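Just so it is clear, none of the values below were taken in a lab; they were calculated from the coordinates. Bear in mind the structure is a predicted one, so any value in this text is a computation, not a measurement. Don't worry about glycine lacking a Cβ; one is built from the backbone with ideal geometry, like all the others, and counts go over all protein chains shown.
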Amino acid sequence: QVQLVESGGGLVQAGGSLRLSCAASERTFSSYAMGWFRQAPGKEREFVAVISWGGGNTYYTDSVKGRFTISRDNAKNTVYLQMNSLKPEDTAVYYCAAAPPNGNYYYAREYDYWGQGTQVTVSS
C-alpha cells in the first residue's frame with residue numbers, strides 16, 4: 001500500500017510561484033505513475049499532470065502547459081509540482097495520487113491511492 005502526504009500549498013499573489021510536494025510512505029512508490037489533480041468548490045476533480053514511474057514521460061492538462069512542471073525523486077519517494085505564473089483560476093485543493101501501470105491517467109478513477117490534499121489560493 002502507498003500512503004501519500006501533500007505539502008507546500010498556501011496563499012500566493014497572481015503571477016507568483018509555488019512548489020507542491022507529495023511524500024510517499026514506502027519504497028514501492030517507484031512502481032507507480034504519480035499524478036496531480038485539483039478540485040475547486042462546486043467542480044469535479046480535474047486532472048493536472050502525471051509522470052511515469054521512471055520520470056521519462058510527463059503529461060499536462062492544457063490550462064497548465066508551460067507554467068507547471070511535474071517531477072519525481074524516487075530515492076526520496078517524493079513527487080513535486082512546480083507551479084509558476086499562477087492565476088486565480090488555479091485556486092483549488094491539490095491532490096497527489098498513485099496509479100498502477102496501464103491506466104488512463106486523465107481519470108481520477110484510475111488512481112488507487114490519494115493524499116488528503118493541500119489548499120492553493122491565488123489572489124488577484
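One table, with the values for the structure above:
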item	result
HN-Hα J in Hz across the range 90-103 - Karplus 6.51, -1.76, 1.60, θ = phi - 60°, x for Gly and Pro	7, 4, 4, 8, 9, 10, 9, 8, 10, 10, x, x, 6, x
Distance in nm between pseudo-label sites at ALA14 and ASN102 (7 Å out along the Cβ direction from Cα)	4.6 nm
Computed magnitude of the charge dipole of the chain (debye, nearest 20; Cβ of K, R +1, Cβ of D, E -1)	180 debye
Lysines with Cα under 24 Å of LYS65, excluding same-chain neighbours fewer than 8 positions away	LYS43, LYS87
Largest-first principal axis extents of the Cα set of the chain (Å)	40, 26, 25
Under 12 Å from the Cα of LYS76 - aspartates and glutamates, other chains or at least 8 residues apart	GLU26
